[in-house]
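The next block holds one structure in the form of structure tokens; read it before the comments.
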């Protein structure tokens, strides 16, 4: 074998703390290495050209590039060597940036470490074999998890392009958080006017199947061919019969149920249609509030239903679907603000959350769009907005900025003035974060035209006094303590990854960060992909974002999914397991451990033997480590290859 | 107001405050929550968050000569509510320690009261209210402090004129005297520990 | 738990300005079977002046207290005073650091050998004794007394050191006072600072801070403010005259919670020591008794009405059952079971009276 | 030059590609300074790791071996890390029998987002190995083929 080694400077990223020329010099002494050099930017066009030229000039049959992490540029270099006529799997990388130059400043130690990593890579390369991918057919159907604005966008874009789409939404209606908003910034246009038609499109699109009030139960399979189990939760109303007339919700005697859609602003009934524009517009029973379930008698809804749709015996139901790709768009939840006992922790009715305030502002909300104090129903005059409640607060484990609160608070202050012309808003903020088109201008308008008083400081305490709320804060620009007598306090509650997001990530086998947000493939270059092929992200489940960004990501995820599913066949990764029939004794241990059921037993001249189904194997190597005979080997990560790496390291 | 020259930041002072308090002042992002909740803020020359800012900027003189560091009541409201989990009251305490060592007393009455209290403890082993008041009046010349309270409390028999002296009062006085001699100085004690550690190791070998 | 034996650190104010706290604490502990072993020849913890001077000095004074306890074989200590508690607790926390501990020993020259703990009397009452046992001891209920609990700033703070109750909205004292029969009013300023020892050097502090607390207590309709801290008590009670001069007109007695326990347990008056309070508490008790009488009359009326309602329901049910008997056996069974349920409720209501 | 004389010890890491290798990358991107002793062998899944790799490294001259995979329930391949944990726990119990201090081998979980955790893992494991000092060298390293069979 003729190996060429290329040591990348990555500008000064590597060369700053690694003597790249010295590494190349040492590499030239390694077995089978016939050519070694250092190079300014291996991944750039001149770098790739230099590699190709060297392959041709020196007749190289294998290449080692020492540069950044293979998780970044392995595909780039594989394509490059292939262009020079070398099999793309006759290539190895040594990670001398993330694992060497960026984590220490000792040039001697770094140079030595880099050289050793190159030796390991070269030792592994010597045992590499040429591999060829197999192709397999694709299921041209996309699963979208979550029916908020990001999921809706992804579903409609994909469906419009001709893909079949299955949407799963855990609430009884789609629309997500956006459906709860009254208006949107910075245009102050009506949220339901822009979202409503899109929701109707989802319901009516011939390519979209919607499962509302359903959850993802299980995912198996792999890119191109996922097997998905969806659990449709019992609504106790047969949606095929329900016409959404709403008679049941009028007659339901259990009128003190918690109104989830309206964030608990005013009670609702036990059988509900979440809001007038709900999609699907069907009734469902919230079991925990229903008298029929709690007391064993009532049955009013069943009696009044003109179509006989109510069915108290209904059970959860599981649906199985095969899809080729998955878009996760599960959004966010509000931080539990009740941990702030200094803000009353829920004890003071006139301290409300921003989302509750949206419902109060909304004409279709429980107050009919009239802003009233929950305590006594009077119209507030002095309204205090407190920003960063549950954001930028390391003490509760939420050190990040939620990103959209500054903007929606400005919007709510404007709406407050519109609803109550005699009102005065006070906004406590730490920094105004408004980097978006027309955003900063918007936060100026609220102060200059609408007269909202912006106070730079946090609020330390809120307490009731004489029917009012005393707000103790600071104005750090004045350098003083300040106090406001408020009629209503609106907490701009920050957001967090939606509940159970980690459990979903585990089902999808994607990574998530310490807060439960899903990890994108690359923070810059793969914002909607994940490290699991065929699984894409849209909206706030990846990191908090406002409506325009969520919509953009929805479209981006749809584009990525379409790119994948537009092909009839996909190439499988050939770095998979293969069985040496001579060594296999048919013990079935590999079959038992394989998480993908990718190994089957075959009969070979009366002997049972293991056989890998090539397009199903995902290349984890669990079978390889399990096989007592060493008969099943993971290509490209064989026992001998890994031992060669260890040997390259330990022998010296 | 004077121009603050940011190049002239007293980094040694910042480190001294951080060492004394065990807190990282760079964590403060100036949200003002400490000032917002501070009950004593109305008596301060600089609000708490300003003090934190001045420490970050290494403005030693302004911090140590401020009245605020002495007027902090140590109620811990700031510490409790600091989103960055800084023990702000501990930082104020540390500033008082440093100011005291440098004999800077930005609020005379407070430091005089502290001195009167500690002297009472030094004499008797316990604090004695009447004695503390007498010393305080002596140190400040504020002879009429709270004199109108006397007719209310004296008949209740709650203010014994004579102190309860404890048997071990000399021991208490010695603690205070050793402190004044600097025997608890961290560097000195650390050096002592290192020396001990060395001899212990030698003994083993 | 039949009896508790624990070390006791009274704190300097117990010998003077808070002697009523001291007396009532001892009496109540005796009544509840808590054996208090006073630390022999204890010294002052140094309070704010010591920790304002130096952490090691403050800890050294605390350390001598613990060392004195060790001599008598005492490891676990309780104290009524939150300020002492904080100093002693902080000293123990800091001394887990070997360098700090060596600095303290350089001052005391008495290294500690035992494990020590320090808790407040209030903490022992709610955690070890428990409100149920306290309720069981009540002989003269405080029914009709409207109180607000004022915890002060240090009882629950700093949260990481004190590790007791919610730091912003503690409820331990609320539960204890409810167990004594009192009506506990919601009080938003439970943990606001009263100004502490700064009342002496700065005259403007107490009228403003303690004034705000008394003002709020008056506004929510309290008869009195219940405290657990000697410094708070002094600021709110002794200095109420100074505060009133600042424009607050209400007279509010400020007893310690242990004094109210002593009264509810019907201990001798000398134990409750209400005569040591500057603002007279007797008018509040008189008001309580009038209110209690009214409440009881109301309750009797309500109980009678309830019983009457139950009787009528039972009658109706019986009649219905008779009718149903003619109709068929199934319906009768169901109806009479319903009637029985209603009756059972009426019985329970009667038992409460 | 084998190991930087007196400065470094030989530490081998086996990291799964999806979580821990990514975590080490994240640590690098965050410029979280770490000791330079560790050399990382990338494997697709911690379930790919044959305990013999670890033993081969320890017998062959490594002073410490660190294995790191995905958090429980967070495996890219669903359950590889379960098998890894079971196998490696058995191995840890076996090491003393072979005359190897079990503290020379640790097994941990680091996710792709946990750069700081990775920094901590590397630093503390390296400190642990330095505290143990260089491992005694076996006079004759057994052949890989014999072990691998």
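When region A:558-576 is filtered for residues that are crowded, with 16+ Cβ neighbours inside 10 Å and in a strand (DSSP E or B), only A:570 remains. Scanning region C:76-103 for residues that are more than 28 Å from residue C:194 (Cβ to Cβ) and touching a helix residue (DSSP H, G or I) at 6+ places or on another chain (Cβ under 7 Å) yields C:95, C:99, C:100, C:102, C:103.
Using the structure shown, decide if residue A:133 is modelled with pLDDT under 95 and under 25 Å from residue A:524 (Cβ atoms). Spelling it out, it is not the case that residue A:133 is modelled with pLDDT under 95 and under 25 Å from residue A:524 (Cβ atoms).
You will find that of A:619, A:630, the residue that is under 32 Å from the mean Cα position of the chain (by Cα), at positive phi, in contact (Cβ under 8 Å) with a residue 40 or more places away in the chain and at the interface with another protein chain (Cβ under 7 Å from one of its Cβ atoms) is A:619 and no other. Among the residues of region A:17-30, is any farther than 18 Å from residue A:575 by Cβ, more than 14 Å from every other protein chain (Cβ to nearest Cβ) and touching a helix residue (DSSP H, G or I) at 6+ places or on another chain (Cβ under 6 Å)? Within region A:17-30 (the criterion being farther than 18 Å from residue A:575 by Cβ, more than 14 Å from every other protein chain (Cβ to nearest Cβ) and touching a helix residue (DSSP H, G or I) at 6+ places or on another chain (Cβ under 6 Å)), the answer is yes, since at least one residue qualifies. Residues in region A:487-501: is at least one surrounded by fewer than 21 Cβ atoms within 10 Å (Cβ to Cβ), in the same structural domain as residue A:436 (by TED's automatic domain parsing), modelled with pLDDT of 95 or more and part of a strand (DSSP E or B)? So far as region A:487-501 goes, no, none of its residues is surrounded by fewer than 21 Cβ atoms within 10 Å (Cβ to Cβ), in the same structural domain as residue A:436 (by TED's automatic domain parsing), modelled with pLDDT of 95 or more and part of a strand (DSSP E or B).
Of all residues in region C:258-287, those that are surrounded by 13 or more Cβ atoms within 10 Å (Cβ to Cβ) and either within 14 Å of chain B (Cβ to nearest Cβ) or touching a helix residue (DSSP H, G or I) at 6+ places or on another chain (Cβ under 6 Å) (or both) total 17.
Can you tell which of C:24, C:13, C:47 is within 20 Å of the chain's Cα centre (by Cα), surrounded by 24 or more Cβ atoms within 10 Å (Cβ to Cβ) and modelled with pLDDT under 95? That would be C:13, the only listed residue that is within 20 Å of the chain's Cα centre (by Cα), surrounded by 24 or more Cβ atoms within 10 Å (Cβ to Cβ) and modelled with pLDDT under 95.
I'd like to check something: does region C:42-51 contain any residue that is within 9 Å of chain B (Cβ to nearest Cβ), touching a strand residue (DSSP E or B) at 6+ places or on another chain (Cβ under 7 Å) and more than 23 Å from residue B:73 (Cβ to Cβ)? No, region C:42-51 has no match at all. Could you tell me whether residue B:110 is in contact (Cβ under 8 Å) with a residue 40 or more places away in the chain, crowded, with 17+ Cβ neighbours inside 10 Å and assigned to a helix (DSSP H, G or I)? Answer is yes for this residue. When only residues in region B:48-60 that are within 19 Å of residue B:2 (Cα to Cα) and under 17 Å from the mean Cα position of the chain (by Cα) count, which is farthest from the other protein chains (Cβ to nearest Cβ)? That would be B:60. Scanning region A:20-42 for residues that are assigned to a loop (DSSP other than H, G, I, E, B) and buried (at least 19 other Cβ atoms within 10 Å of the Cβ) yields A:30, A:42.
Listed here are the residues, each with its yes/no results for (1) touching a residue at least 12 places away in the same chain (Cβ under 8 Å); (2) away from chain B (no Cβ under 14 Å); (3) closer than 30 Å to residue A:272 by Cβ; (4) under 35 Å from the mean Cα position of the chain (by Cα).
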residue: A:381; (1), (2), (3), (4): yes, yes, no, no
residue: A:386; (1), (2), (3), (4): yes, no, no, yes
residue: A:439; (1), (2), (3), (4): yes, yes, no, yes
residue: A:454; (1), (2), (3), (4): yes, no, no, yes
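Of all the numbered requirements in (1) in contact with a strand residue (DSSP E or B) (Cβ under 9 Å, 6 or more places away or on another chain); (2) modelled with pLDDT of 90 or more, residue D:74 misses one, and that requirement is (2).
Can residue D:9 be described as more than 18 Å from residue A:120 (Cβ to Cβ) and crowded, with 20+ Cβ neighbours inside 10 Å?
no
Of the helices (runs of 4 or more DSSP H) contained entirely in region D:36-148, those carrying at least 1 residues that are closer than 24 Å to residue A:109 by Cα and away from chain A (no Cβ under 11 Å) fall at D:115-132. Among the residues of region B:76-96, some residue qualifies, meaning at least one is farther than 28 Å from residue C:212 by Cβ and either in a helix (DSSP H, G or I) or free of Cβ contacts under 8 Å to residues at least 40 places away in the same chain (or both).
Among the residues of region A:282-299, the ones that are surrounded by 20 or more Cβ atoms within 10 Å (Cβ to Cβ) and either more than 15 Å from residue A:238 (Cβ to Cβ) or in contact (Cβ under 8 Å) with a residue 60 or more places away in the chain (or both) come to 6 in all.
None of C:250, C:291 is part of a loop (DSSP other than H, G, I, E, B) and either farther than 24 Å from residue C:19 by Cα or more than 19 Å from the chain's Cα centre (by Cα) (or both) except C:250.
Is one or more of the residues making up region A:351-373 part of a loop (DSSP other than H, G, I, E, B), within 14 Å of chain C (Cβ to nearest Cβ) and surrounded by 20 or more Cβ atoms within 10 Å (Cβ to Cβ)? Looking through region A:351-373, none of the residues is part of a loop (DSSP other than H, G, I, E, B), within 14 Å of chain C (Cβ to nearest Cβ) and surrounded by 20 or more Cβ atoms within 10 Å (Cβ to Cβ). For residue A:343, the conditions (1) surrounded by fewer than 24 Cβ atoms within 10 Å (Cβ to Cβ); (2) touching a residue at least 60 places away in the same chain (Cβ under 8 Å); (3) over 23 Å from the mean Cα position of the chain (by Cα) are fulfilled apart from (1). Among the residues of region A:432-452, is there at least one that is under 30 Å from residue C:159 (Cβ atoms) and assigned to a loop (DSSP other than H, G, I, E, B)? Yes, region A:432-452 contains at least one residue that is under 30 Å from residue C:159 (Cβ atoms) and assigned to a loop (DSSP other than H, G, I, E, B). In region A:480-497 there is at least one residue matching the filter, namely being closer than 30 Å to residue B:45 by Cα and free of Cβ contacts under 8 Å to residues at least 12 places away in the same chain. For region D:110-136, a residue qualifies if it is surrounded by fewer than 21 Cβ atoms within 10 Å (Cβ to Cβ) and under 22 Å from residue A:512 (Cβ atoms), and the qualifying residues are D:113, D:116, D:117, D:120.
Go over the candidates C:177, C:142, C:154 one by one and state the one that is at pLDDT 95 or above, assigned to a loop (DSSP other than H, G, I, E, B) and either within 30 Å of residue C:282 (Cβ to Cβ) or not assigned by TED's automatic domain parsing to the domain that holds residue C:57 (or both). Give the steps one after another, and end with the answer.
Numbers: C:177 fails: assigned to a loop (DSSP other than H, G, I, E, B); C:154 fails: at pLDDT 95 or above.
After applying the criteria, what remains is C:142.
Of the set (1) more than 16 Å from residue C:212 (Cβ to Cβ); (2) out of contact with any helix residue (DSSP H, G or I) (no Cβ under 6 Å at 6 or more places or on another chain), all apply to residue A:446 but (2). Annotation: of all residues in region B:82-106 being facing another protein chain (nearest Cβ under 8 Å), closer than 30 Å to residue C:190 by Cβ and surrounded by fewer than 24 Cβ atoms within 10 Å (Cβ to Cβ), the one that is nearest to the chain's Cα centre (by Cα) is B:93.
The values are calculated or read from the model by the stated rules, or taken from the named source; none is laboratory data. Quick caveat: nothing in here was measured; it's all calculated off a predicted structure. Every residue, glycine as well, gets a Cβ built from its backbone with ideal geometry; the counts of neighbours run over all protein chains shown.
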